[in-house]
Each structure stands twice: as structure tokens, then as C-alpha cells.
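Here is the structure we will look at.
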């Protein structure tokens, strides 16, 4: 009798073990291939409701986006808790080894999965220290500052600090605005967003992106309007530098508090540095454009256009963060690079025209030079009209015109008409204010 009892216990143990391994194999295969139908027959009724195909998809995408492709699994140990069998398996991913707890119970002579829990995550240490990645990211912002210094802009310390501090306003207020809508829908995580389907993901990305675009460009507009273009430029540079320095440091501190300092790859660190460089230069370009458009009377129109552009860039970036869509990431970078190049192509010459004046700038121009600039005026003038109006000989006039052109005060148009450059317009305004 004792032998029969022992054999029965052994048989039950073998059956439960085989069933557990079959369930673990189904979990592995479904996660590897994305096939929910492989796993569903092993779920009990409560688990089918709690872990639907949509939630399975979200769970799988979150795992793969964080830890890479799944490569294998192995059994660790088995425990019991009342009617439940607790099996622990280590699942191997490219970036981590994750311990899953499979909660199994016997229902009508069948073993079903009643729960699936992540017990432990061990990051595979073959990457780059996250602290060095933070430094490289900050370096991207500093490179943005350096590029403007290299091309001749004098660093404006007050404006640089102002732009840097504006980032603190963004960090504290922008997330509150962005999260308010999600809280209204009882959405507390990215997984909740993903669970609501593709349309909601797109709408969420647009919301996140456009709130960032309008809030940040609106904030810069408030502080850049009425500013000299060179000063406005450094508000934008300071803003980009602040994002490159403050945000990674905050994220690093959060990881320390959570007791987790994952590593990253050198390639990702370099890409983050390049991204911060581009973003810093982008903010500089938008700041110049906002200040210039305000001075010309169409500031609100430019603010709207730049906010939409910024919103689209960030919307694509948000969609990538939610779905790991490489296409979305590529579109975000392409739009960022294209808009930055356009802004700088038109903005830098205008900003450069506002620098280089000192307290003795008037001594570079004698009375006749000033009269020449006044004669050319804001609408231009051809050589023969200048000669007739000025009453000076050809050689003297040609020398003066060449000198003014060398100083970037005037240009010769295709129809041989002399016109003021942006720098020349500023000089003329200064002359008229002194008359």
C-alpha cells in the first residue's frame, strides 16, 4: 500500500512537472514569435480575461523594447503555496536575464497558468557606464555652444543663463500639462496607452509632442521678443544646453534612487550626444527667428509655425518612445535636421549683422559715408543716382562704396542697385537716431 501511495505521488509529480515545462515552453514560444494562440490554451479562465491578446501584445512589446530579442529559458526551482504550484524560470534576452514566476494550479485534472510575474531583472553587463553617457549627452549641448562661438558670436552670459533656467520651468510645468489628460482617462503608464490601440497611441503622441512644442516655443517667445538677435540666439543656446545637462542628470539621480544603473552602448551614447547637439542648434535657430519676426511685426505667425514644427518633431519622438518605431524615429530626426538647417540659413546672417558694434563704431564712418548710407536708404539706389545726389567725383565715390561693401553695410543687387544689408539697416537706424 505504501508503495502504491509513493508511486501515485511520483506520478502526480511527474505529470505536474511535465505540465509546468509545457506551460513554460508555451510562454517562451509565444513571447519569441508573438503568437498568443500558443499560450491561450494553457491559461485558466481568470487569466484569459486578465491577460487578453491585446495585453499580451503590449507586455511582449514592452519586454522586447527594453531587453531585446528573447533567446532561451531554463528552469530554476519549484515551490508550493496552497493549491498553487510556483515555478521559477530564467528567460534569456539580449540585454537581460529575467526571472519569471509561473503560478500554476490544477483544474479538472489539467494544469493551467493562473499568473505570470516578473520576479527579477538582471541586466547583462556588456555596455557603457550610464554616467559616461550622461557626460556625453551634456557634451552635445556644449558643442552647440562652441559652434556659435567658433563662427564669431560673442557669448552672452546673462542670456545663456536665462535660457538654461527656462528649462527648469519646462521640467516642472510641462509634464503636469501633458499628464493631466491621461489622468482624466485613468491612464498611469505607457502600457495603459499601448493597451488602448493604435489610434489612441497616435493621438497620445500628437498630444505629448504639441504640448511640448507650443509650451517651449511660447516660453522662448516671451523672453526673446524685443531682444537683439545675438542675445536671442544665446537664450536658445542656453535652453538647448539646459536640456542636455539638467534632464540627463535628473534621470541619472532617479536611477540611483531606484537602485538600478543599467548600462548603455557606446553607439547609443554618441547618438544621444549628436541629438543634443542638433536640438541645441535648433533652439538657437528658433530663438533668432522668434526675435526677428517680433521686430518685424509678425511674431505670432512665426510662433505658430515654429510651435507646429517643434510639435511634429516631438510627436514623432513620442511615438517612437511608445512603439519603438524606427520609421518614426527617422522622421523625427529628418524633420529636426531639415528645420534646423532652414532656420540657421536665414537666421545666422541676420544675427551676425547685429554683432560687432562697439562704443566707437561711429568713428569708422565719416560724414560723407553716413550721407551715402542715408542716400541709399531702406529702398536702395543705383550708382548714377548716388553720384548725382552726392556731388563727389567717381574715384572717391567708388572707394567709399567698396569700403561700405567690405564692412557688410551694403550689397550690389543683380540690377546694379545698391541696397543695405541687415547690418547696414541697423547702422542706418543708429545714424537716424543720432540726427
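Taking label positions 7 Å along the Cα-Cβ direction at both residue 29 and residue 200, the computed distance is 3.1 nm, reported to one decimal. The angle between the Cα long axis of helix 229-258 and the longest principal axis of the Cα atoms of the chain comes to about 20 degrees, rounded to the nearest 10. Extension gain for residue 135 to residue 366 (0.36 nm times residue separation, less C-alpha to C-alpha distance): 78.0 nm.
In the chain, the longest principal axis of the Cα atoms and the axis of helix 198-224 are about 30 degrees apart.
Between residue 161 and residue 394, the distance separating the two model label sites (each 7 Å from Cα on the Cα→Cβ line) works out to 5.8 nm. Length gained on full extension, residue 255 to residue 374: 36.6 nm, using 0.36 nm per residue less the C-alpha separation.
Size check on the chain: the Cα extents along the three principal axes, sorted descending, read 131, 37, 35 Å. When each of the peptides 51-57, 214-220, 423-429 is scored by how many other beta carbons lie within 10 Å of its residues on average, the order from highest to lowest is 214-220, 423-429, 51-57. Of interest is the spacing of the C-alpha centroids, which for the range 41-97 and the range 189-240 amounts to 37 Å. Look at the alpha carbon pairs under 8 Å that are at least 6 residues apart: their mean separation over the length of the chain gives a relative contact order of 13 percent. In the range 251-333 the Cα-Cα distances spread across 10 Å bins starting at 0 as 15, 32, 31, 16, 5, 0 percent of all pairs.
The Rg/Rh ratio of the range 2-123, with Rg taken over Cα atoms and Rh as the Kirkwood radius over Cα pairs, comes to 1.00.
Dividing the Cα radius of gyration of the range 188-228 by 2.2 N^0.38 Å, with N the residue count, gives 1.72. Each helix, a run of at least 4 DSSP H residues, gives -39500 (n - 2.57); summed and divided by the residues of the chain, these come to -23000 deg cm²/dmol at 222 nm. Ordering of 388-400, 83-95, 167-179 by packing is 83-95, 167-179, 388-400, highest average first (other Cβ atoms within 10 Å, averaged per residue).
The value obtained for the range 184-331, namely the Cα convex hull volume divided by the number of residues, is 137 Å³ per residue.
Based on alpha-carbon atoms, the Kirkwood radius and the radius of gyration of the range 361-434 give Rg/Rh equal to 0.92.
Here the label points at residue 429 and residue 407, each 7 Å from Cα along the C-beta direction, are separated by 1.8 nm in the simple model. Stretched out straight at 0.36 nm per residue, the stretch from residue 21 to residue 185 would grow longer than its current Cα-Cα span by 55.1 nm.
Of the peptides 405-413, 132-140, 22-30, the order by per-residue mean of other Cβ atoms within 10 Å, starting with the highest, comes out as 132-140, 22-30, 405-413.
Across every pair of non-identical alpha carbons in the range 83-203, the mean reciprocal distance, once inverted, gives a Kirkwood radius of 20.5 Å.
Just so you know, all these numbers are worked out from the coordinates, no wet-lab data involved. Remember, it's a predicted structure, so these values are computed and weren't measured experimentally. Every residue, glycine among them, receives a Cβ derived from its backbone with ideal geometry; neighbour counts consider all protein chains shown.
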